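The values are calculated or read from the model by the stated rules, or taken from the named source; none is laboratory data. Remember, predicted model here, so these are calculated numbers, not experimental data. As a convention, Cβ positions derive from the backbone with ideal geometry for all residues, glycine included, and neighbour counts pool all protein chains shown. Heads up: the accessible areas ignore ligands, DNA and RNA and are worked out on the full protein's heavy atoms, side chains in. Shrake-Rupley method; radii C 1.70, N 1.55, O 1.52, S 1.80 Å.
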Amino acid sequence: MVLILGSGFIFEMLGVIEVRHDSFEVIDAVPLFSFAIVTISKTFCVIYTLPKIKVLLIKMQEYCLSPKSDEETKIQNSHAQYGRKLGYAYTGFLLGHSVLYQFSTLLTRFLYTKSKEADGLSNNVQIGLPHRVNYMVDIDTYYIPIFIHSAICDFSYTVLLVVFDVLYLTLVEYCCGLYAALRYRLETALVFENDRTTLVATKDKSYANIAYSIRRHTETMQFVASIESLYSLPLLIHIGLTVLILSVLGYQVITNTENVNGILKPIAYLNGLVINVFFENWQGQKIIDSSEKVFESAYNSEWYSMPVASRKLLIMMMMRSERPSILRMGKFVVLSYVTFNTVLRTSSSYFMLLRSL
């Protein structure tokens with residue numbers, strides 16, 4: 001994998017260097033080159049943080065094996081199944097867009113016909129390749145092996161990106177399941193049910209349930225903090241470069257509205273990229289929403305029937321749950337719908353600036 005991606009990145013970088021004096025060609029090469037940088041940086045981050053990933057997976061396993069009510073188990077399993085289905089859908093969508101992008105690239109090869117006006121630009125313009133490359137051989141003579149290698153590299157980049165994001169999705173859904181199970185425990189702090197019998201809570205029972213809920217709440221917040229430390233840097237690089245990529249793709253779409261050869265590729269890439277950025281911010285928003293509901297569940301519990309000691313513990317938990325858990329990029333940008341909106345607005349601003357220039 002390193003050999004394939006490394007060689008593909010080198011040839012792509014050589015292609016950008018080759019046209020460094022042609023600003024239009026450089027702009028066209030920026031999106032795919034930035035995508036390669038994002039994927040490679042995420043891959044190295046994952047390799048570097050493998051011990052942290054292992055710790056998180058061990059914590060997930062320990063919770064699954066820990067004693068809990070059947071309803072809590074059912075809640076956690078429902079989130080796990082939802083995460084699995086969403087992961088399949090997300091994987092199919094992005095990989096499908098990658099195949100569509102390669103197909104649209106190949107299609108431009110058949111639709112393209114050289115004209116007299118384009119003869120002067122034939123040395124710079126590369127038709128029928130996923131991205132700008134320089135293999136130091138004649139493109140037309142060795143088109144098939146060059147296209148195959150370039151397509152494999154781009155598809156591999158997408159596969160690695162999907163693996164990274166699906167792990168992210170799995171960890172977030174696990175946290176959402178923990179918060180949902182915690183809310184159930186809070187709402188049934190006085191009357192706690194299991195399969196065999198119904199236990200009417202005594203003073204000791206309600207106190208034990210609240211204390212158990214506080215421990216689970218603390219563990220969940222620590223798990224969210226671990227996810228943030230794992231994904232903070234790679235997501236910052238991704239979202240930061242995404243602003244640049246969206247600006248250039250928007251420019252390419254607008255400037256090639258009458259050119260079928262030039263509009264197919266940026267549209268396919270733009271669609272997949274917007275969904276990818278929305279997906280990553282959506283996971284952060286789910287963490288915020290799930291943690292905020294803990295306060296509501298604590299307030300909706302029958303706290304007025306609890307002993308004083310249980311109420312004091314519940315108040316402490318409510319005070320902490322007023323501040324929702326968040327996932328941040330680079331320790332200062334919160335992943336949420338607001339950030340997604342900001343990315344789109346910022347990209348639009350740079351796109352308009354690029355178009356005016």
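Couple of notes before you dig in:
Residue-by-condition table, conditions (1) touching a strand residue (DSSP E or B) at 6+ places or on another chain (Cβ under 7 Å); (2) modelled with pLDDT of 90 or more; (3) not in a helix (DSSP H, G or I):
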| site | (1), (2), (3) |
| --- | --- |
| ILE263 | no, no, no |
| GLU280 | no, yes, no |
| PHE295 | no, no, no |
| ARG323 | no, no, yes |
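- Residue list for the stretch 135-163, filter: part of a helix (DSSP H, G or I), aromatic (Phe, Trp, Tyr) and surrounded by fewer than 21 Cβ atoms within 10 Å (Cβ to Cβ): TYR143, PHE147, PHE155
- Enumeration of residues in the stretch 324-357 that are among the hydrophobic types (A, V, I, L, M, F, W, C) and under 17 Å from the mean Cα position of the chain (by Cα): ILE326, LEU327, MET329, VAL333, VAL334, LEU335, VAL338, PHE340, VAL343, LEU344
One line per residue, one yes/no per condition, for (1) under 14 Å from THR170 (Cα atoms); (2) part of a helix (DSSP H, G or I); (3) at pLDDT below 90:
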{"site": "PRO51", "(1), (2), (3)": "no, yes, no"}
{"site": "VAL55", "(1), (2), (3)": "no, yes, no"}
{"site": "TYR63", "(1), (2), (3)": "no, yes, yes"}
{"site": "PRO67", "(1), (2), (3)": "no, no, yes"}
{"site": "ASN77", "(1), (2), (3)": "yes, yes, no"}
{"site": "GLY87", "(1), (2), (3)": "yes, yes, no"}
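- Selection within the stretch 267-287 - closer than 26 Å to ALA180 by Cβ and open to solvent by 20 Å² or more (accessible area, probe 1.4 Å): ILE275, PHE278, TRP282, GLN285, LYS286
- In the stretch 306-319, of all residues being crowded, with 17+ Cβ neighbours inside 10 Å and touching a residue at least 40 places away in the same chain (Cβ under 8 Å), the one that is farthest from the chain's Cα centre (by Cα) corresponds to MET306.
- Per the listing VAL38, VAL26, the residue uniquely open to solvent by 30 Å² or more (accessible area, probe 1.4 Å) and in a helix (DSSP H, G or I) is VAL26.
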